[in-house]
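K.L.:
The structure that follows is given in the form of structure tokens.
The values are calculated or read from the model by the stated rules, or taken from the named source; none is laboratory data. This one's a predicted model, so the numbers in the text were calculated from it and none came from an experiment. Glycine also receives a Cβ, built like all others from the backbone with ideal geometry; neighbour counts cover every protein chain displayed.
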Amino acid sequence: MGDVAETITGEVALTVAGDKMTVRVTVPRGDTALTDLLPVFHELTNTLVDRAVARDAAPGRTVSCRAGCGACCRQAVPVSPSEARALAALVAAMPEPRQTLIRDRFAAARAALATNGVDCRPEAILPLERMEVRTFGLRYFAQGVACPFLEAEACSIHPDRPIACREYLVTTPAIACSTPTLETVRGVPLAGHVSLAVLAIDQAIEGHGSLILVDALEWVAHHPAPAATRPGPAIVQSVFAQLAAQS
């Protein structure tokens, strides 16, 4: 993100669904790729999640998610184009033989899903209506295909995990996640979803909508990154505005 002289730091007052907070951010002054701003949005997500967990704790609910319970890591995880690029870069930076191992897991996951008629390509996902998306998610989960980064039922890239993964927490017993329904699994309600705000701005920049995590490497290989044409502060402000508008 450049040296200190090329960045700007400030505090942003943000209200999301009546939840008021002040967020301190440091971003590049010049034209910036949204991918380079993901750490800012990760921290914002963490803040929203921490506040939501604290609200849920008041009536006695506690988060049941733990390392070793990887049921949610078999879901169709949505990622924005910038997140797909970040994941691809993360894998590309891995030393061998781990890099090849992870790439093979991505390929195996896509092949296993395709064999069972679950098409994860963006062109198959984007036209789906809301209820069709839910049906797709249930079909995907039924295949039991683990995230390529899942190891020993825990996330091997936890600090760099996608925003949607950060937003997903439950307070119901972990066993319920093995056969999830709206009646048996209770998620922690968030005031807003940073994942949707980032996706909206990402889509405006790239012209592409949401992807499924297991398709990220394949998609990035065929879609070169666009040139950075927007200043960092402007992108952050746009994402914050999208987030505030969710309420």
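K.L.:
Go through region 56-74 and give me each residue that's touching a residue at least 24 places away in the same chain (Cβ under 8 Å), over 22 Å from SER156 (Cα atoms) and assigned to a helix (DSSP H, G or I). Before you say what the answer is, go through the steps one by one.
P.N.:
Quick first cut of region 56-74, residues touching a residue at least 24 places away in the same chain (Cβ under 8 Å) only: 56, 61-74.
Now drop any that are not over 22 Å from SER156 (Cα atoms), which leaves 56, 61-62.
Of everything in region 56-74, just one residue is touching a residue at least 24 places away in the same chain (Cβ under 8 Å), over 22 Å from SER156 (Cα atoms) and assigned to a helix (DSSP H, G or I), namely ASP56.
K.L.:
If you don't mind, there's one more thing I want to ask. Considering only region 175-191, state which residues are over 20 Å from ARG134 (Cα atoms) and either buried (at least 16 other Cβ atoms within 10 Å of the Cβ) or of a type in the set (S, T, N, Q) (or both).
P.N.:
ALA191
K.L.:
Assess whether LEU169 counts as being in contact (Cβ under 8 Å) with a residue 40 or more places away in the chain, within 22 Å of PRO81 (Cα to Cα) and not aromatic (Phe, Trp, Tyr).
P.N.:
On the way: in contact (Cβ under 8 Å) with a residue 40 or more places away in the chain: yes; within 22 Å of PRO81 (Cα to Cα): no; not aromatic (Phe, Trp, Tyr): yes.
Judged against the criteria, LEU169 is not a match.
K.L.:
Could you please tell me which pairs satisfy a Cβ distance under 9 Å, a separation of 6+ or placement on different chains, a first residue in region 125-148 that is over 19 Å from ASP104 (Cα atoms), and a second residue that is of a type in the set (Phe, Trp, Tyr)?
P.N.:
Going by the 9 Å Cβ cut-off, the qualifying pairs are ILE125/PHE136; LEU128/PHE136.
K.L.:
Considering only residues that are in a loop (DSSP other than H, G, I, E, B) and under 18 Å from PRO224 (Cβ atoms), which ones fall in region 75-117?
P.N.:
Taking region 75-117 first, the residues in a loop (DSSP other than H, G, I, E, B) are 75-77, 80, 93-97, 116-117.
Within region 75-117, just SER80 meets the criteria.
K.L.:
Here's something else I'd like to know. Would you point out which residue out of PHE149, PHE106, PHE141 is surrounded by 14 or more Cβ atoms within 10 Å (Cβ to Cβ), under 19 Å from SER178 (Cβ atoms) and under 20 Å from the mean Cα position of the chain (by Cα)?
P.N.:
After ruling out the rest, the residue left standing is PHE141.
Each row is one residue, and each column tells you yes or no for (1) at pLDDT below 95; (2) among the β-branched types (Val, Ile, Thr); (3) buried (at least 20 other Cβ atoms within 10 Å of the Cβ).
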site	(1), (2), (3)
ARG55	yes, no, no
ARG61	yes, no, no
CYS65	yes, no, no
GLN75	yes, no, yes
PRO78	no, no, yes
SER82	no, no, yes
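K.L.:
Working only within region 118-147, note down all residues that are assigned to a loop (DSSP other than H, G, I, E, B) and among the basic types (Lys, Arg).
P.N.:
Looking only at region 118-147, we keep the residues that are assigned to a loop (DSSP other than H, G, I, E, B), and these are 118-121, 126-129, 143-147.
Across region 118-147, the qualifying residue is only ARG121.
K.L.:
Does region 179-187 contain at least one residue that is more than 16 Å from ALA216 (Cβ to Cβ), out of contact with any Asp or Glu (no Cβ under 6 Å at 6 or more places or on another chain), part of a helix (DSSP H, G or I) and of a type in the set (Val, Ile, Thr)?
P.N.:
Looking for residues that are more than 16 Å from ALA216 (Cβ to Cβ), out of contact with any Asp or Glu (no Cβ under 6 Å at 6 or more places or on another chain), part of a helix (DSSP H, G or I) and of a type in the set (Val, Ile, Thr), one finds none in region 179-187, hence no.
K.L.:
Please determine whether any residue of region 15-35 is in a helix (DSSP H, G or I) and either acidic (Asp, Glu) or without any contact (Cβ under 8 Å) to a residue 60 or more places away in the chain (or both).
P.N.:
No; the residues of region 15-35 include none that is in a helix (DSSP H, G or I) and either acidic (Asp, Glu) or without any contact (Cβ under 8 Å) to a residue 60 or more places away in the chain (or both).
K.L.:
Suppose we filter ALA191, ALA225 for residues that are over 19 Å from GLY68 (Cβ atoms) and touching a strand residue (DSSP E or B) at 6+ places or on another chain (Cβ under 7 Å); which single one remains?
P.N.:
Sole residue among the options that is over 19 Å from GLY68 (Cβ atoms) and touching a strand residue (DSSP E or B) at 6+ places or on another chain (Cβ under 7 Å): ALA191.
K.L.:
Listed residues ASP50, ASP31; which is of a type in the set (Asp, Glu), touching a Pro at 6+ places or on another chain (Cβ under 8 Å) and either exposed (fewer than 13 other Cβ atoms within 10 Å of the Cβ) or within 23 Å of GLY207 (Cβ to Cβ) (or both)?
P.N.:
Only one candidate qualifies: ASP31.
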